[in-house]
Amino acid sequence: VVALTTAIGERSPGAATYLDDWPADVYSLSHVALPFSPLDPVYGGPLAADSPGIELGNLAPRGERGVLKVSGTDMLRLRWNPFYDYVESRVLEFTGLGAR
């Protein structure tokens, strides 16, 4: 995955930042996932820290149709961002909080 940045007033992007490979088991990234690290104990992925009892980022619903209030497709949305470290560093850089 490549991140391109275009400066204000420029027409072409500047230097490219190369991120990790796109995860094999992920086909799209939801806005719901942006603020959560893969290591978040509640919303993170399979490598997350010890959960406090529920793992919303790693659900595997099974059973009868129509039993749950939340649809299966909603539960399948990615809840963690595989590129969280990059997003966090850009936010901290933009806000000036990265050098603390």
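The values are calculated or read from the model by the stated rules, or taken from the named source; none is laboratory data. Computed from a predicted model, the values in this text were never measured in an experiment. Cβ sites come from the backbone with ideal geometry, for glycine too, and all protein chains shown count toward neighbours.
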What residue, among those in segment 81-99 that are of a type in the set (A, V, I, L, M, F, W, C), surrounded by 12 or more Cβ atoms within 10 Å (Cβ to Cβ) and free of Cβ contacts under 8 Å to residues at least 24 places away in the same chain, is nearest to ASN58 (Cα to Cα)? VAL91
Filter result for the condition that a residue is small (Gly, Ala, Ser), exposed (fewer than 13 other Cβ atoms within 10 Å of the Cβ), over 18 Å from the mean Cα position of the chain (by Cα) and modelled with pLDDT of 85 or more, over SER71, SER28, SER12: SER12
Of all residues in segment 65-100, which are polar (S, T, N, Q) and either in contact with a strand residue (DSSP E or B) (Cβ under 6 Å, 6 or more places away or on another chain) or assigned to a helix (DSSP H, G or I) (or both)? THR73, SER89, THR95
Being charged (D, E, K, R), touching a helix residue (DSSP H, G or I) at 6+ places or on another chain (Cβ under 9 Å) and either part of a loop (DSSP other than H, G, I, E, B) or under 20 Å from GLU88 (Cβ atoms) (or both) narrows ASP25, ASP21, ASP50, ASP40 down to just ASP40
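Can you say whether LEU78 is within 20 Å of the chain's Cα centre (by Cα), within 16 Å of LEU39 (Cα to Cα), among the aliphatic types (A, V, I, L, M) and surrounded by 11 or more Cβ atoms within 10 Å (Cβ to Cβ), as far as the supplied structure shows?
Numbers: within 20 Å of the chain's Cα centre (by Cα): yes; within 16 Å of LEU39 (Cα to Cα): yes; among the aliphatic types (A, V, I, L, M): yes; surrounded by 11 or more Cβ atoms within 10 Å (Cβ to Cβ): yes.
Spelling it out, LEU78 is indeed within 20 Å of the chain's Cα centre (by Cα), within 16 Å of LEU39 (Cα to Cα), among the aliphatic types (A, V, I, L, M) and surrounded by 11 or more Cβ atoms within 10 Å (Cβ to Cβ).
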